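Participant: For reference, the structure I am asking about is given below.
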Amino acid sequence: VQYVSTDLPLLNRKPWFERNNVEATTRLAARYATEPSTYFLNVGTSMMYLQSGLARYSVTSPMGAQGPYSDSKLRAHRVVASGPNRSATVLPCIVGGPGRGGLFRNLVQMIHRSSRALVIGGGDLPVATVHVDDLAALIHRLVRMQPTGLFN
């Protein structure tokens, strides 16, 4: 869960992220720890990277929490990575698509009006936008190939 979840409380967000990201992931990892052939794919966030002003972030960039959300995602990643199962973590930037409050609405309107779209960045910045279908395609590919490590 993240900051745009509809049931996000106004106050006491830290325990909410703890429960929904860290505790839920810990329970899942424990459930499958006795099944070593299980492949575990975790979805994190690009905000797990230490926001140090780098022009680009890569899977070798240093990690560091920036608040309760990224802290919970980073801790969930560590649970999965330290477990006995083969695992990977996907680190998407801002995910947009249907149901996300119109993150892609302006882009779609621009395409309809001019048959062109201006997209800034190469998808490797912490504020870049990726469409949910592209993220789903990456997740599908990773599950099929079962590599380990971090994937932007």
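The values are calculated or read from the model by the stated rules, or taken from the named source; none is laboratory data. Please read these numbers as outputs of a predicted model, since none were measured by experiment. Here the Cβ positions follow ideal geometry from the backbone for every residue, glycine too, while neighbour counts run over all protein chains shown. Ligands, DNA and RNA are stripped out before the accessible areas are found, and what is left, the full protein with its side chains, is counted by its heavy atoms. Shrake-Rupley method; radii C 1.70, N 1.55, O 1.52, S 1.80 Å.
Participant: Which order do peptides 31-37, 56-62 fall in by mean Cβ count within 10 Å, highest first?
Facilitator: Top to bottom by mean Cβ count within 10 Å: 56-62, 31-37.
Participant: Under 5 Å between amide hydrogens, which residues at least 5 positions from Phe40 or on another chain qualify, with H placed 1.01 Å from N in the peptide plane?
Facilitator: Result for Phe40 returns Arg86, Ser87, Ala88.
Participant: For the range 147-152, in order, what is each residue's ³J(HN,Hα) by Karplus, 6.51 cos²θ - 1.76 cosθ + 1.60 with θ = phi - 60°, in whole Hz (x at glycine and Pro)?
Facilitator: x, 10, x, 9, 9, 7
Participant: Next up: Quick one: what are the phi-derived ³J(HN,Hα) couplings along the range 18-34, Karplus 6.51/-1.76/1.60 with θ = phi - 60°, whole Hz, x for glycine and proline?
Facilitator: Once rounded to whole Hz, the list reads 4, 5, 7, 9, 6, 5, 5, 5, 4, 5, 5, 4, 5, 4, 9, 5, 8.
Participant: What do you reckon, how do His112, His131, His77 stack up by accessible area (1.4 Å probe), largest on top?
Facilitator: My answer, sorted largest first, is His112, His131, His77.
Participant: Under a 5 Å amide H to amide H cut-off, with H placed in plane at 1.01 Å, what residues pair with Tyr49 once short-range neighbours are removed?
Facilitator: Here Gly64 satisfy the definition.
Participant: When the Karplus curve 6.51 cos²θ - 1.76 cosθ + 1.60 is applied with θ = phi - 60°, which whole-Hz ³J(HN,Hα) does each residue of the range 49-56 get, with x for Gly and Pro?
Facilitator: Per residue, the Karplus-derived 3J(HN,Hα) values read 6, 4, 7, 9, x, 4, 5, 9 Hz.
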